[in-house]
């Protein structure tokens with residue numbers, strides 16, 4: 001049977017993916033400084049083997065033949081995902097991939113050096129080259145998939161998402177947020193006038209912070225027999241579902257950023273650990289795109305870990321692991337003042353829950369114009385500043401470092417990725433609304449430190465479904481309706497709109 005051949009091939013590909021994932025996680029955490037050159041050679045060799053096997057012409061023959069075989073429902077869905085992966089892997093000629101790799105590596109290297117200096121003019125030629133290649137890639141992917149060029153780029157990260165659907169949702173959210181941000185800031189000022197922010201009683205030893213993070217991970221359901229926590233320059237969740245490699249970073253002057261980062265990455269990890277194990281080697285067994293992945297991390301971080309109910313459970317753990325005098329005189333309201341602080345800012349990755357979507361929508365709108373040719377790279381600073389001024393009331397016209405040079409995505413050619421971040425926040429809020437209907441005592445469960453029913457609900461609705469459905473269909477099946485910005489708006493009003 002051809003399906004059996006696809007199954008066998010996917011097991012070999014999974015073995016290579018496993019090795020690459022663990023080597024990559026180790027490189028960021030434990031690899032000796034002098035090991036980089038040989039590690040790069042080994043990973044490049046393995047990646048080449050993976051690409052060669054994944055794009056072998058015989059795979060296409062097996063996919064075509066398997067379509068006419070008598071298959072079980074999940075096997076039939078698996079064939080569709082095999083085909084989607086194969087088209088995505090083979091639609092770019094090797095010569096193009098080599099050109100793109102060279103250009104994006106050089107662009108990223110320049111970006112690392114020039115961003116700190118805010119030297120836009122020196123960076124521009126490299127970015128122009130990357131954007132030209134992105135347009136070429138969008139055309140190649142569009143031709144292979146039948147999608148519009150930007151949709152074809154976006155489909156790599158969130159299968160099924162289309163600008164025709166997202167444009168309206170984002171426009172609605174943008175209109176709401178531009179009005180709501182001043183309201184949230186005013187409400188915050190009123191609250192802080194009554195209860196000012198308190199100072200933290202630093203320093204916080206790293207080992208004690210680590211123990212607190214491990215306790216939080218354990219409480220919300222992380223399986224330490226299939227995962228671990230390490231330290232890296234930038235927090236991430238990597239590895240494989242059977243061996244999830246999570247990382248964080250620590251500051252001794254405060255502990256909340258590391259703790260919230262740990263909880264965010266634990267959300268990613270729970271998704272990976274909850275995927276169906278019997279067909280983990282099929283593309284169908286993988287997580288369904290970046291938007292769904294972000295929804296799971298943001299569900300833990302935003303829907304759970306920035307709520308009062310969660311902190312009624314968490315505050316005693318802070319005292320247990322950091323000491324009774326860790327935050328002297330603080331109560332739940334003081335913690336919430338800190339973890340839910342809103343401010344207009346330049347930097348996306350530092351943005352709060354209220355302003356963050358505006359940073360993403362700005363990039364989403366500019367990306368579409370760059371891919372279509374409506375906007376050229378040289379025009380980015382002015383276009384960026386116009387949107388920052390309109391959406392957040394701050395100007396970046398003389399500050400490219402904290403404006404259009406702040407993210408690695410464009411230097412690296414990752415166009416179509418940004419929407420996933422805000423889609424994830426919206427999906428998380430919508431999942432939260434649906435969950436509360438099924439679990440009306442959800443807050444009481446969190447206060448008691450019992451996350452089993454919450455995780456079971458997400459396991460049934462999201463994790464166990466893996467890639468059976470497109471992102472939009474998975475949202476509808478899990479919540480009973482298509483993506484709807486009203487749930488996210490209601491969440492923000494409840495948390496930030498009441499003095």
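Here residue 383 does not qualify as under 27 Å from residue 155 (Cα atoms) and free of Cβ contacts under 8 Å to residues at least 12 places away in the same chain. Just so you know, in the range 350-385 the residues that are modelled with pLDDT of 95 or more and exposed (fewer than 15 other Cβ atoms within 10 Å of the Cβ) include one that is nearest to the chain's Cα centre (by Cα), and it is 372. Criterion applied to 223, 172, 158 was being at negative phi, crowded, with 17+ Cβ neighbours inside 10 Å and touching a helix residue (DSSP H, G or I) at 6+ places or on another chain (Cβ under 7 Å), and the one residue passing it is 158.
Could you tell me whether any residue of the range 186-204 is closer than 25 Å to residue 268 by Cα and either under 19 Å from the mean Cα position of the chain (by Cα) or surrounded by fewer than 18 Cβ atoms within 10 Å (Cβ to Cβ) (or both)? Looking for residues that are closer than 25 Å to residue 268 by Cα and either under 19 Å from the mean Cα position of the chain (by Cα) or surrounded by fewer than 18 Cβ atoms within 10 Å (Cβ to Cβ) (or both), one finds none in the range 186-204, hence no. In a helix (DSSP H, G or I), assigned by TED's automatic domain parsing to the domain that holds residue 448 and more than 25 Å from residue 200 (Cβ to Cβ): does that describe residue 294? Criteria met by residue 294.
If the condition is being in contact (Cβ under 8 Å) with a residue 12 or more places away in the chain, surrounded by fewer than 17 Cβ atoms within 10 Å (Cβ to Cβ) and either in a helix (DSSP H, G or I) or touching a strand residue (DSSP E or B) at 6+ places or on another chain (Cβ under 8 Å) (or both), then the range 429-446 contributes 438, 443, 444.
Annotation note: of 303, 320, the sole residue that is assigned by TED's automatic domain parsing to the domain that holds residue 442 and under 17 Å from the mean Cα position of the chain (by Cα) is 303. Looking at the range 1-116, the helices (runs of 4 or more DSSP H) lying wholly inside it that each contain 3 or more residues that are over 28 Å from the mean Cα position of the chain (by Cα), closer than 27 Å to residue 140 by Cα and touching a residue at least 40 places away in the same chain (Cβ under 8 Å) sit at 57-66.
Does residue 426 qualify as being at pLDDT 95 or above, surrounded by 18 or more Cβ atoms within 10 Å (Cβ to Cβ) and either farther than 29 Å from residue 358 by Cα or in contact with a strand residue (DSSP E or B) (Cβ under 8 Å, 6 or more places away or on another chain) (or both)? No. May I ask you to verify whether residue 424 is touching a residue at least 60 places away in the same chain (Cβ under 8 Å), assigned by TED's automatic domain parsing to the domain that holds residue 356 and not in a helix (DSSP H, G or I)? So residue 424 fails the test. Within the range 459-471, being modelled with pLDDT of 95 or more and assigned to a helix (DSSP H, G or I) holds for 459, 460, 461, 463, 464, 465.
A single member of 252, 247 is surrounded by fewer than 16 Cβ atoms within 10 Å (Cβ to Cβ) and either touching a helix residue (DSSP H, G or I) at 6+ places or on another chain (Cβ under 9 Å) or farther than 30 Å from residue 63 by Cβ (or both), and it is 252. Counting only helices (runs of 4 or more DSSP H) wholly contained in the range 144-243, the ones carrying 2 or more residues that are more than 30 Å from residue 389 (Cβ to Cβ) occupy 149-157, 206-220.
When each of 141, 135 is tested for being over 25 Å from residue 406 (Cα atoms), under 26 Å from the mean Cα position of the chain (by Cα) and modelled with pLDDT of 95 or more, the lone residue that passes is 141.
The values are calculated or read from the model by the stated rules, or taken from the named source; none is laboratory data. If you're wondering where the values come from, they're calculated on a predicted model, not measured in any experiment. No Cβ is skipped: glycine too gets one built from the backbone with ideal geometry, and neighbour counts run over all protein chains shown.
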